[in-house]
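Enquirer: Have a look at this one.
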Amino acid sequence: MATVDIHAHPPVPHHDDHEHEHEHHHGNFWTNYIFSQDHKVIAKQYLITGIIWALIGGTLSVLFRLQLGFPDADLSWLRPLLGGWIVIDPATQVGKLDTEFYLALVTMHGTIMVFFVLTAGLSGTFSNFLIPLQIGARDMASGFMNMLSYWFFFLSSAIMFTSLFISTGPAGGGWTIYPPLSALPQAISGSGLGMTLWLVAMVFFIVSTLLGGVNYITTVINLRTQGMSFSRLPLTIWAFFFTAIIGLLSFPVLFGAALMLVFDRSFGTSFYLSDIYIAGEALAHEGGSPILFQHLFWFLGHPEVYIVLLPALGISSEIIATNSRKPIFGYKAMIGSMLFIAILSFVVWAHHMFVTGMNPFLGSIFTLLTLIIAVPSAVKIFNYVTTLWKGNIVFTPAMLFSIGLVSFFLTGGITGIFLGNSAVDIQLHDTYFVVAHFHLVMGSASFFGMLAGVYHWFPKMFGRMMDDRLGKIHFWLTFIGVYLVFFPMHYIGIAGFPRRYYSWTNFETFGGFTDLNMLVSVAAIATLSAQFIFLFNFFYSIFRGRLAPANPWNSTTLEWTTPRFPGHGNWIGEIPSVYRWPYDYSKPGAKEDFIPQTIPYSETPESNFPHENELIKLEMSNGSTIVVEERKDHGHH
Amino acid sequence: MENITTSEFKIIEEPKKQLSMNPKKFAMWLFIASVLMLFAAFTSAYIVRRAEGNWLYFELPDLFYYSTVIILLSSVTMQWAFFAARKDNLEMVKVGVGVTALLGVAFVIVQFLGWGQMADQGVYLVGNPSGSFVILLTLVHGVHLLSAIIFVLIVLNASFKLKIHSKSMSQIEMCTTYWHFLGGLWLYLFVFLLLNR
Ligand code: HEM
Ligand SMILES: [Cu+2]
C-alpha cells in the first residue's frame, strides 16, 4: 500500500491555548441561571422541569392504579391531598375516587408523560446539552430562541399545572382529547375550563417545541466544527436531528387540529361536531366530523411517538457502543433505519383508527405500511445486540438502562405487530393490550433512554459522578417493576378489558383478573418508590458527588474534551477539529481501547487502516476540509 | 505504489467555514416549512370533510380577487426594494418597503371586507363547515400576514437608520422571502378554494 510519511506532524489546532473571547463570561444570577442563553444551562432547566413533571405524572398514575387495583378500598386518607375528589359515601363512610376525576387523572398522566416529560424533558435536555458539545459548537445557533423555547415550555407547564387545581378539574377527555367529548363543556366537567387550559398550554408547548426544533436543525447543519462531516456525527446527533425534523413537520398539524377544536368549543363552529343530543336536547352544531379530528391528531400523534423514542435510541446507541468497547454495529444502517422510520412515521397514522368505520381496503394499506416499520425497528435491535455481542461490556448504570431500553423496545415492538393488523385490532383496540404495547415500547423504553442519558452525561453536566451502586439498585428495581406493571396488562387486554374504565367489578367476566390488577398496582407503587433512589442520587451527587475525571467512560466524542466545568462557549481556546468517526473503540493495533475523534490519523499509525493512512495527507494540508477529487488518469488504490 | 501529491486534492473549503447558510435565514426556511405544514393540515382536512357531503356551496367574495391583486403587487414592491438595497439605492428602499407595508395593510382590510361579502350571502363563521373553513383559512393566513407586516415595519425602520444596503442584506432578504411566501400561500389558498368549493 501507499507509503506515506507519517512523521510529518500536521498542525493540530486543538492544542494551542490562546484565550478565547467566550472564555470569561460574566453575568449575574439572573442571566446565568434563569434567563440564560447557554445551552448547557437551558438543558439543565429542561431536565429539572422534566423530573418534576415525571414525579407529578407518576403520582397521578399511582392514584388511579389504587382505584384499579383496590376498587373496594377506602381512600378517605387521600382527602388531605385530593379534597373533594374523594367522595365519601354518607352511608358507609367509605371514600372513593370521583369518577370524572379518574378520567382527568388518566388524561393528565398521559399528557404529562408524553409531552412534558418524554418530549420536552427528553429532547429539551439532551438535544440542548449534546448537540453543541458533540458537534463542536460554542452554543446553539440562536441562544435567544433557545431561551425563549424553554420559557414557553415553562409557561405551558405553569398553565397545565394550574389546571390540576381548578374546581372543575383538569382536562378529562384522554390525552388524545377526541371530540365530541372534549368539545362540549356540558358533557363532563373535564371538558370545561380544564380543557381550555389544556389547549392553551399545548399551544405554548407547540411554540416551544418549534423554537427548539428550528434551533436544533440549524445548529446541526450549520455549526459543526471543522472535520465534523455528517458521516462523523455521533448517532445521538443523528437521532436528535431526525427528531427535530419530525417535530417541525408534525406539531403544526396538531396546532391546526387544536385551533379548530378551540373554534368549535368557543366560537360555535362545527368542524368536528354534528347531530349531538345532550340530555335529550339537540345541539346547534351541524355538519362536522369527529373522525376528522382523529386524522389530524394522529398525523401528529404517530410521529410524536417517534419524537419520544428516537432521542432515546440515539442515546442508547452511544452508550452501548461506549460500554461495549466496540464500534457501533452498522453505523450507516442505524442512520438509514432512523431515516426510514422518520419517513414511515408520517404514513401510518390511521392504524389508530382501524375501528372508526374506515374502508377495509384502506385499512389493509395502513396495515401494510404499519408492518413495514417493523423492518427498520428490527434492524436497530439487531444492531444493538450485535454491538453487545462479544463486547468487553462495562455495566455502568447508563449501560444497564440502555440494555433495558433494547429489551422494552423489543417486547413492546412485537405487540405492535399484533396491533398493526387491522383485523386483530378490532379485538384489541382500546383494551389494556394497547396500554401494555405503548407503555413498553414508548413509555418505558424512552424513560430508560432518558435515565441512561442522565447517568452517562451527569459528569459532564455537573462535573461530578453519580453513585454507581445506587444506580444499579435503581436499575434493577425499575426494570423488574416495569415488566411487572406492564406485562400482565397484555393478558388483561386480551381478555377484553377496556382502557379508561373506572371500574370493572360490575362485569362478571373480569372477576378473574382482580389479583392481576392488584399485582400491577403494587408493582406500580414499588416502581415509583424506586425512583426516589434516583432522585436522592441525582441531587446528592450534584453537590456531594465525587469529582468527575475528564473522560470517565473513556469516550471518543467531543464533549469529553471540554473542561470539567465548561463555561459559556464550551472550549477554552479553539474548538477542536475532528479527524475520525466517533466509534473507534478497541481498534486493532491501537494503544488504548478508544481513540477520541480529535486524534488525527497521523498520530495513530499503529492502528490505521490503509485508506486512513491516505487521509493523513489531507489532515496535513493546513487542516482544511478537503474533498478528494480522484483523477481518472491516475488509477491508484 | 505511487506517492500521493497534494495536487490530487482540491481545496474547496477553508477551515471554519462550516456555515453553509446564514443560520437565521436557514431557521426562517424551517419556520416556513412548519407554516406550510399547518396549511397542508387545514386544506387536507377541508378535502376530507368536503368528501363526506353535506357541504354548502357559495360564491367566494369578489373582493378576494382584489386582495389577490394587491398581495401580488406588494410582492413586486418588496422585490423592488430588495433590488434597490442591493444597488445601494437607499431612498428607493424606503419607498419600496413603505409601499409594501401599506399594500399589506390594504390586503388585510380587503380580506376583512370579504368576510362581510360572505355574510351578505348568509355565510358566517358559525354554520356549515364550508364557510367556517374559508374564514379559518383567511384568518390564520391574515394573522401570519400581520406578523409579516411587523417584520416589514422593522425593516422600514432599519432602512431609515440606513442599516440596509448592499453589504447588509440579510434582514431585508429574510423579509422578502417571508413576504413572497405569504403571497404565494394566499395564491395557493385562493386557487384551492376556487377549485374545491
Ligand atoms: C413495530 C412497530 C409498531 C407497530 C406495528 C405499532 C402499531 C400500533 C398500533 C396498530 C396501534 C394502535 C392500537 C389501537 O389503538 O388499537 C399502536 C398504538 C400505539 N403505539 Fe405503536 N406500534 C409500533 C411501535 C411503536 C413505537 C415505537 C411507539 C413509541 C415509541 C409506539 C407507540 C404507540 C402508542 C403511544 C400507541 C397508543 C396511543 C393511544 O391510543 O393512546 N408504537 N401501535
Ligand atoms: Cu401509531
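The values are calculated or read from the model by the stated rules, or taken from the named source; none is laboratory data. Predicted model only: the values in this text are computed from it and were never measured. Neighbour counts run over all protein chains shown; Cβ positions are idealised from the backbone, glycine included. Only protein heavy atoms, including side chains, enter the accessible area calculation; ligands, DNA and RNA are left aside. Shrake-Rupley method; radii C 1.70, N 1.55, O 1.52, S 1.80 Å.
Enquirer: Let me know the mean shielding of A:293-300 by other chains, meaning the per-residue number of their Cβ atoms within 10 Å of its Cβ. Intermediate results must be reported in sequence, preceding the final value.
Expert: Working: counts 1, 0, 5, 5, 0, 0, 5, 2.
Across A:293-300, the average partner-chain Cβ count within 10 Å equals 2.
Enquirer: Something else: Using Cα pairs under 8 angstrom and six or more residues apart, how large is the relative contact order of chain A, in percent?
Expert: RCO, chain A: 18 percent.
Enquirer: Taking a 1.4 Å probe, which of A:561, A:396 shows the most accessible area, and what order do the others take after it?
Expert: Values: A:561 60, A:396 10 Å².
Greatest to least solvent exposure: A:561, A:396.
Enquirer: With the contact rule set at Cα under 8 Å and sequence spacing of 6 or more, what percent relative contact order holds for the range B:61-195?
Expert: Value for the range B:61-195: 34 percent.
Enquirer: Can you bin chain B into rounded, prolate or oblate? Criterion: square roots of the alpha carbon gyration tensor eigenvalues sorted a ≥ b ≥ c, rounded for a/c under 1.5, prolate for a/b above b/c, oblate for the rest.
Expert: oblate
Enquirer: Turning to a different aspect of this structure: So what is the 222 nm mean residue ellipticity for the protein assembly as shown from helices alone, if each DSSP H run of at least 4 adds -39500 (n - 2.57) and you divide by all residues, rounding to the nearest 500 deg cm²/dmol? Before the final figure, lay out the partial values.
Expert: On the way: 23 runs with 489 residues, N = 834.
One gets -20500 deg cm²/dmol as the mean residue ellipticity at 222 nm.
Enquirer: Let me ask another. From the square roots a ≥ b ≥ c of the eigenvalues of the alpha-carbon gyration tensor of the range A:479-577, which class results: rounded (a/c under 1.5), prolate (a/b over b/c), or oblate?
Expert: Because a/c hits 1.5 or more and a/b exceeds b/c, the range A:479-577 counts as prolate.
Enquirer: In degrees between 0 and 90, to the nearest 10, how far off the longest principal axis of chain B does helix B:23-51 point, with axes built from Cα atoms?
Expert: With rounding to tens, the tilt is 30 degrees.
Enquirer: For a protection proxy built on the mean count of beta-carbon atoms within 10 angstrom, sort A:501-507, A:363-369, A:571-577 highest first, please.
Expert: The packing order, highest mean first, is A:571-577, A:363-369, A:501-507.
Enquirer: Going down the table (A:40/A:326; B:24/B:167; A:326/A:460), which pairs top 20 Å between alpha carbons?
Expert: Correct reply: A:40/A:326; A:326/A:460.
Enquirer: Moving to a separate point now. How would the range A:545-619 be classified by its alpha-carbon gyration tensor: rounded, prolate or oblate, with rounded meaning a/c under 1.5 and the a/b versus b/c comparison settling the rest? If you can, show how the numbers build up before the last one.
Expert: On the way: a/c = 3.44, a/b = 1.61, b/c = 2.14.
The shape class here is oblate.
Enquirer: Here's something else I'd like to know. Which residues, if any, in the range B:27-43 have at least 30 Å² less accessible area in the whole protein complex than in the isolated chain, probe 1.4 Å?
Expert: B:27, B:30, B:34, B:37, B:38, B:41, B:42
Enquirer: To continue, here is another question. Using a 1.4 Å probe on the protein heavy atoms only, what accessible surface does residue A:581 show? Give it in Å² to the nearest 10.
Expert: Probe radius 1.4 Å; accessible area of residue A:581 about 70 Å².
Enquirer: For residue A:167 paired with residue B:22, estimate the spin-label separation in nm (one decimal), with each label point 7 Å from Cα along the Cα-to-Cβ line.
Expert: Roughly 5.5 nm, to one decimal.
Enquirer: Per 0.36 nm of contour for each residue apart, how much would the distance between residue A:426 and residue A:339 grow if the chain were fully extended, relative to their Cα-Cα spacing?
Expert: Full extension from residue A:426 to residue A:339 adds 28.3 nm.
Enquirer: Round to a whole number: what % of the accessible area of chain A belongs to carbon and sulfur, probe 1.4 Å? Don't jump to the answer; show the numbers that get you there.
Expert: On the way: 16240 of 24020 Å².
Answer for chain A: carbon and sulfur cover 68 percent of the accessible area.
Enquirer: Taking springs between alpha-carbon atoms closer than 10 angstrom, which of B:31, B:107, B:39 fluctuates most in the Gaussian network model of chain B?
Expert: B:31
Enquirer: Among B:48, B:99, B:140, which one shows the highest mean-square fluctuation when chain B is modelled as a Gaussian network with alpha-carbon springs under 10 Å?
Expert: Among B:48, B:99, B:140, the largest GNM mean-square fluctuation belongs to B:48.
Enquirer: Taking chain A as the reference, fit the longest principal axis to its C-alpha atoms, fit the long axis of helix A:193-222 to the helix C-alpha atoms, and give the angle between the two in degrees, 0 to 90, nearest 10.
Expert: Computed tilt is about 10 degrees.
Enquirer: Sticking with this structure for a sec: For labels at residue A:484 and residue A:347 in the simple 7 Å Cα→Cβ model, what's the distance in nm?
Expert: For the pair residue A:484/residue A:347, the computed spacing is 4.4 nm.
Enquirer: Taking a probe of 1.4 Å, how large is the accessible area per residue of the protein assembly as shown, in Å²?
Expert: Values: 33550 Å² over 834 residues.
Ligands and nucleic acids excluded, the figure is 40 Å² per residue.
Enquirer: Hey, rough spin-label estimate for residue A:279 and residue B:69, points 7 angstrom out along Cα→Cβ, what's it come to in nanometres?
Expert: Placing both labels 7 Å along Cα→Cβ, they lie 5.5 nm apart.
Enquirer: Related question: Tell me the carbon and sulfur percent of the accessible area for the range B:61-195, rounded to whole percent, probe radius 1.4 Å.
Expert: 73
Enquirer: Give the interface area between chains A and B as buried accessible surface, both sides summed, probe 1.4 Å, in Å² to the nearest 100.
Expert: Buried: approximately 4200 Å² between B and A.
Enquirer: Report, to the nearest 10°, how far helix A:360-372 tilts away from the longest principal axis of the Cα atoms in chain A, using its own Cα long axis and a range of 0 to 90°.
Expert: 30
Enquirer: Ok, one more. Just the ratio, please: alpha-carbon radius of gyration of the range A:39-544 over 2.2 N^0.38 Å, N its number of residues.
Expert: Working: Rg = 22.4 Å, N = 506, 2.2 N^0.38 = 23.4 Å.
Cα-based Rg divided by the globular estimate yields 0.96.
Enquirer: Within the range A:488-510, what residues put their amide N at less than 11 Å from the label point 7 Å along the Cα-to-Cβ vector of residue A:418?
Expert: Output list for this probe position: A:488-496.
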